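Following: one structure in structure tokens, then a few remarks.
The values are calculated or read from the model by the stated rules, or taken from the named source; none is laboratory data. Worth saying up front: this structure is predicted, and the values here are computed from it rather than measured. Ideal geometry is used to build each Cβ from the backbone, glycine not excepted, and the neighbour counts take in all protein chains shown.
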Amino acid sequence: MLKSIIEKIYLQIEKGDQIAPFLFVSPNPSSLRMDMDSIIQELQKTYAFPSSYVFRYEDNGEALRIAQAREIVNKSHIKSDYTVQVFVIENASRMTLSFSNALLKFFEEPWVGNIVFLTHSSESGILDTILSRVQKYHIQGPQKTNYTEYIVSLIEKYVEKNSSEIVSYYFTKQLEKKDVLDFLYACTSYIKKSWKKSELISDISQDLKGVANNNFMAKYTIDRYLYLLKKPD
């Protein structure tokens, strides 16, 4: 599905068309974030625009304000040096009535070169006036292997390229037991793949047991291993 979406975007850009916003629906927020990142990375490879032209409104649990809607509109009207710029609004149920109304015109006519991605766990909780203006896609959860590989890639970029993507990925949402387990498995895969920090394997094994028995602090555990993986030998 992602490949067909990307090809559709390419075609509309080449034709000079405006692109109606996309609404990606899945009960798994990790799956949605993974798919968004995959699409954006493909667009960046093709159109060579920097991450500073990806405007993310991440799910921090707070309602989106009308000032943020005006910010989106203003940024969309500024002539860009690049073919494409991207707006990502996570958990679209956070869009208040005033926020949604302020963006109705933008969603209907986003201007050429502006690509908008909305995410939510379902279509419920989103105004009908928004739903009528978006392209809706229901996303299946990723295979376990692919998801682990994705987290490993975030760890690699954090350790080797000082990327903050993994920090944004884990620390802007409510973490669950599964998130911590997935992260620890990915840490093990990264260590085996890179042949670095092998001394951490036994600690990770112990923490996997602790998490399985609900004896853990989610953000502390992730923050600790990010620090240790990046700490100079």
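Identify all residues within the stretch 1-35 that are in a strand (DSSP E or B) and either of a type in the set (D, E, K, R) or surrounded by 19 or more Cβ atoms within 10 Å (Cβ to Cβ) (or both); write none if there are none.
Of everything in the stretch 1-35, those that are in a strand (DSSP E or B) and either of a type in the set (D, E, K, R) or surrounded by 19 or more Cβ atoms within 10 Å (Cβ to Cβ) (or both) turn out to be Phe22, Leu23, Phe24.
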| task | Give me the pairs, please: first residue somewhere in the stretch 214-226 and among the small types (Gly, Ala, Ser), second residue anywhere and surrounded by 14 or more Cβ atoms within 10 Å (Cβ to Cβ), beta-carbon distance under 8 Å, and either six or more positions apart or on two chains. | result | Ala218/Leu175; Ala218/Asp179; Ala218/Val180
| field | Every pair of residues 6+ apart whose Cβ atoms lie under 7 Å, when the first sits in the stretch 114-128 and is of a type outside the set (S, T, N, Q) while the second is assigned to a strand (DSSP E or B) and surrounded by fewer than 15 Cβ atoms within 10 Å (Cβ to Cβ) | value | Glu123/Lys136
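In this structure, is Glu123 assigned to a loop (DSSP other than H, G, I, E, B) and out of contact with any strand residue (DSSP E or B) (no Cβ under 9 Å at 6 or more places or on another chain)?
Considered against the rule, which asks whether it is assigned to a loop (DSSP other than H, G, I, E, B) and out of contact with any strand residue (DSSP E or B) (no Cβ under 9 Å at 6 or more places or on another chain), Glu123 comes out as no.
Looking at this structure, is Glu149 in the same structural domain as Gln206 (by TED's automatic domain parsing) and under 14 Å from the mean Cα position of the chain (by Cα)?
Details: in the same structural domain as Gln206 (by TED's automatic domain parsing): yes; under 14 Å from the mean Cα position of the chain (by Cα): no.
Answer is no for this residue.
From Ser168, Ser100, Ser132, Ser202, which residue is among the polar types (S, T, N, Q), without any contact (Cβ under 8 Å) to a residue 40 or more places away in the chain, out of contact with any helix residue (DSSP H, G or I) (no Cβ under 8 Å at 6 or more places or on another chain) and closer than 22 Å to Gln68 by Cα?
After applying the criteria, what remains is Ser132.
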